[in-house]
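Below is one structure, written out as structure tokens; the observations come after it.
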Amino acid sequence: MVYEDNIEEKLKNFIKWLRNLNKNLPLRVEVLEILDYPGAKLNFERAKKMGRPLPNTDQRIIFDLWYNKLLPQFYSKNELKKYCCEISL
């Protein structure tokens with residue numbers, strides 16, 4: 001989904017898509033950090049040799065956009081303060 005170009009717009013569209021399923025669903029999403037463990041590094045190297053696209057975007061950009069810029073455009077501060085398990089679906 002997120003590959004270098006138009007990251008913010010792609011994430012915003014993803015939030016809108018999730019909201020169409022359920023208005024609170026984006027608040028239940030947890031963005032996970034992908035750790036480059038040894039097996040993953042080997043897979044990345046193989047994929048690169050095969051010409052497959054790889055997520056080369058710094059993950060901090062994604063976290064910042066999701067939690068600090070985009071979600072606040074759709075939800076109040078009170079909603080954003082809640083744990084995801086406290087958000088009703």
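Some notes on this structure:
- GNM top mover of Tyr75, Tyr37, Tyr67 - the chain, alpha-carbon springs below 10 Å: Tyr37
- Tilt relative to the chain, helix 38-50 - C-alpha long axis, 0 to 90 degrees, to 10: 70 degrees
- Under-16-angstrom lysine pairs by C-alpha in the chain, whenever the two are 8 or more apart or on separate chains: 9
- Counted over the chain with a bin width of 5 Å, the fraction of Cα pairs per bin, in whole percents, is 2, 12, 20, 21, 15, 12, 9, 6, 2, 0.
- Cβ-Cβ FRET estimate between Leu35 and Ile7, R0 fixed at 22 Å, reported to 0.05: 0.60
- Gaussian network model of the chain, springs between alpha carbon atoms under 10 Å - residue of Leu18, Leu27, Leu42 with greatest fluctuation: Leu42
- Reference-scaled alpha-carbon Rg (2.2 N^0.38 Å with N residues) for segment 35-74: 1.59
- Part-to-part distance (alpha-carbon centres) for segment 72-89 and segment 21-54, which is given in Å: 24 Å
- In degrees, nearest ten, helix 7-21 long axis to first principal axis of the chain (Cα): 50 degrees
Here, each number is a calculation from the coordinates, and none is a lab measurement. It should be emphasised that the depicted structure is a prediction, and the values quoted were computed from it without experimental measurement. Neighbour counts run over all protein chains shown; Cβ positions are idealised from the backbone, glycine included.
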